[in-house]
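A quick write-up on the structure given underneath.
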Amino acid sequence: MKYSNEQLAQLIEPTRVHRKVYLDPDIFDMEMERIWGSAWIYIGHESQVKTPGEYATATMGNKVPVIMVRDKDSKIHVLHNRCGHKGAKLVDQASGKVSAFRCCYHGWTYRIDGKLVGVPNMPGYEGTGFDKSDPQYSMQKVAQYDSYRGFVFATLDPTAPKLTTWMGAGMAECLDNLCDRSPEGEVEVIGKPMRYVHDCNWKMFTENLNDGMHPMVVHQGVVDAALQYMKTVPEDSAERSEAEIIPPFGASYEHFESTDLFAYQYGHHYDGGRTSIHAAYSVPNDYEQLMIAAYGQKKTREILTFNSHNTMYYPSLTTKTAVQNIRVVRPISVNKTIIESWSFRLKGAPDNMLKRTILYSRLINSSFGMVGPDDLTAYYRMQNGLESNGSDWIEMHRHYGRDEDKGDYIHGLLTGDLDIRTQYKAWKDYMTREQLAQEVA
């Protein structure tokens, strides 16, 4: 069933959302066209393609394969991953390095910037009007792509606002902080991602990121176990320092009530401000001294006391600035999503900072970790429970009417539903955009 704009709009109300948005494959397909086909989608990081010819592949939404590649002039491109002849996917590996792209079907060859340079058996085209220098036969560039502090985004919509406009100053500040935590002001990807299949709709993951009402319930068991374990090991042991990462995930309602939420246009938001789940993390002395040498004492304090936990660049990217982890949303179907977790090294920082980053990701983000599986269980049970037609609506009332409009952002508390309402406002805007609806019809 194709929904009209009016029908789509009726699925979202100020304090509730219809269960169909999580269950209906037709709505999912429309999301891939109208949200994932229009928003800026995270593709990868420049450090994944350090030298000319290096590439990394990604999928925009659940269907559109693209390649991020660095050309011979060190410029990065995001190209459609398809041959200009019969449309075959040119690259089927996650990453690699090539001197040219060559199609596996008829052998058409392309420069690393996408220009067609070789067609086998050219005499067969004589007198046909075919011209291999015609740009239509080259690898096509994605409508728009850009990079901010090394983070590469792309959009399939040529009319979308510029990346920095879409991101907004507040959300850009979070990426600035992630990079500024490096004494050199840069981060780089370390290793391959952890890929974790979630048997649920993609929105269940994005809605959970800044939900301050679930941790003390969902993570109670693992937090209690960590606290019991910590009583058995010396305070200065490595085992205790690892276990200390867990308890903040089960902090009290009062703790999360004191945490701010900042919501922006286009569905973005982050939690932090006065405090966050990472606020009590220690700062190793050797790292702090390198930061002071690079930035001075005042600026270093500003950087390291910028408290944010999860930052959501709707719909595809979430970052954890304090621990240099990101998670990338890759929708597969209406009830299946892949979440990729990537770790970053702070350039110029001591190795103990990278060790903490990797440890955090292993304990929290891994499918074999201590926290992520708790959330996944809740997502899976929600996906199954919503099949029941006992009620058609899901509520999002908490703190409704109490949030403060600050002009370029809305301020609320982490225990409210501002994050979910922010996402569904963007969802409704994307899904009912008249011009886009006509283009994809």
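To the nearest 0.05, how large is the calculated FRET efficiency for Ala294 and Ile190 if R₀ is 25 Å and r is the Cβ-Cβ distance?
0.75
Quick one: dipole size for the chain, taken about the Cα centre, charges +1 on Lys/Arg Cβ and -1 on Asp/Glu Cβ, in debye to the nearest 20.
For this selection, approximately 1280 debye.
Averaged over every viewing direction, what's the projected area of the C-alpha convex hull for the range 1-160? Give it in nm², one decimal, please.
Taking a quarter of the hull surface, the average projection is 12.7 nm².
Test of understanding: what is the full-extension gain from Ala225 to Glu6, defined as 0.36 nm times their sequence separation minus their Cα-Cα distance?
Full extension from Ala225 to Glu6 adds 73.9 nm.
At 222 nm, what value in deg cm²/dmol follows for the chain if DSSP H runs of at least 4 each add -39500 (n - 2.57) and the sum is divided by all its residues, to the nearest 500?
Helices in the chain give a 222 nm mean residue ellipticity of -9000 deg cm²/dmol.
Set the Förster radius R0 to 25 Å, insert the Cβ-Cβ distance between Glu13 and Thr159 as r into 1/(1 + (r/R0)^6), and round the FRET efficiency to 0.05.
0.35
Please work out which option in (1) 1.19; (2) 1.04; (3) 1.13 gives Cα Rg over 2.2 N^0.38 Å calculated from these coordinates, and answer with its label.
(2)
In terms of modelled amide H atoms, which long-range or inter-chain residues lie less than 5 Å from the amide H of Arg16?
It is Met396, by chain and number.
Cut-off 10 angstrom, C-alpha nodes, Gaussian network model of the chain. Which of Val119, Val17, Val78 fluctuates the most?
Greatest mean-square fluctuation among the candidates belongs to Val119.
Any idea which of His269, Thr109, Tyr253 is furthest toward the positive side of the dipole for the chain, if Lys and Arg beta-carbons carry +1 and Asp and Glu beta-carbons -1?
Thr109
By a straight-distance test (C-alpha under 29 Å), which lysines pair with Lys203 as possible cross-link partners, with residues fewer than eight away in the same chain excluded?
Lys2, Lys20, Lys63, Lys89, Lys141, Lys162, Lys192, Lys320, Lys336, Lys406, Lys425, Lys428
Given Cβ point charges of +1 (Lys, Arg) and -1 (Asp, Glu) and nothing else, what value in debye, to the nearest 20, does the dipole of the range 278-367 about its Cα centre take?
Using only the charged Cβ atoms, the result is roughly 180 debye.
Quick check: residue separation of Ser388 and His106 times 0.36 nm, minus the Cα distance between them. What number comes out in nm?
Answer, rounded to one decimal: 96.5 nm.
Amide H of Val117 versus every other amide H placed in the peptide plane: which residues, excluding those fewer than 5 positions away on the same chain, fall under 5 Å?
Close amide H contacts, sequence-distant or interchain: Thr109, Tyr110, Arg111.
Please identify, among Leu418, Leu346, Leu11, the residue showing maximal mean-square fluctuation in a Gaussian network model of the chain using a 10 angstrom Cα cutoff.
Leu11
For the chain, can you list the cysteines whose C-beta has no other cysteine C-beta under 4.7 Å from it?
Taking the Cβ cut-off of 4.7 Å, the unpaired cysteines of the chain are Cys104, Cys174, Cys179, Cys200.
Each reported figure results from applying straightforward, stated rules to the coordinates on display, with no laboratory input. Worth saying up front: this structure is predicted, and the values here are computed from it rather than measured. Ideal geometry is used to build each Cβ from the backbone, glycine not excepted, and the neighbour counts take in all protein chains shown.
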